[in-house]
Amino acid sequence: MSTRNTCAALLATLWLGACSTPQPMLDQANQGAALSMALQAELVNFRQVQADIAQQRMDSIRQLVSTMATYQADAEFDERVSKLAGNTATAKLFKDLQTLADSRSTDEQAMLKELADMQEQLAKLLQPLPDNTQALDATQRQLAAMGHELPWKERLKVVSTFAKAVNKSVKANRQKLQDNQDNKSNITTNNTGDEAP
């Protein structure tokens, strides 16, 4: 039994010495790690572009609101000047134009509400990408580990663990076979003993 274990250990050592991870597999693992790192960088850039676009939109809206407020203030001042000068026809015309502009503004508000509803629905469809930094980091670590050859001690440890598991399984199966044979013998003995009288 001891010679057999020694031969098995020698055979495993020779097998480990002759076998190594194929270079294409190492290259593929390294390539996968590099691609996941590149993807992570691109996702960071994409999120930054999304934030920049949102900031530009907010700046544009602020500018439009400020322009509208300035125009409204100027129009009200001009109306007061016309009334003070006694130009009532101009004031009436101005009031009519303002009413017309207000009706246009009401129409525009309805359109903006429709657009806001549509934007809300689109936002639900086009939500920003979820943050998957942790998953990509884990993938990179695993692929990077696969991209390196295992040291001899690690290989021996893996083979030893495998051999112990196989040996344990073989012993358990032998014991089961032995138990089954013993049970068969007992059943056969009991059956033949019952038939004798």
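Throughout, read-outs are computed from the coordinates displayed, never taken from laboratory work. Here the structure is a predicted model, which is why all the values come from computation and not from measurement. No Cβ is skipped: glycine too gets one built from the backbone with ideal geometry, and neighbour counts run over all protein chains shown.
Numbers at a glance
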read-out: Inter-label distance, nm, simple model (7 Å from Cα along the C-beta direction), Q48/Q23; value: 3.7
read-out: Extension reserve of the K95-A41 stretch, reckoned as 0.36 nm per residue once the Cα distance is removed; value: 13.6 nm
read-out: The range 26-149: radius of gyration over Cα atoms, expressed as a fraction of 2.2 N^0.38 Å; value: 2.05
read-out: Under 24 Å from the Cα of K164 - lysines, other chains or at least 8 residues apart; value: K153, K176
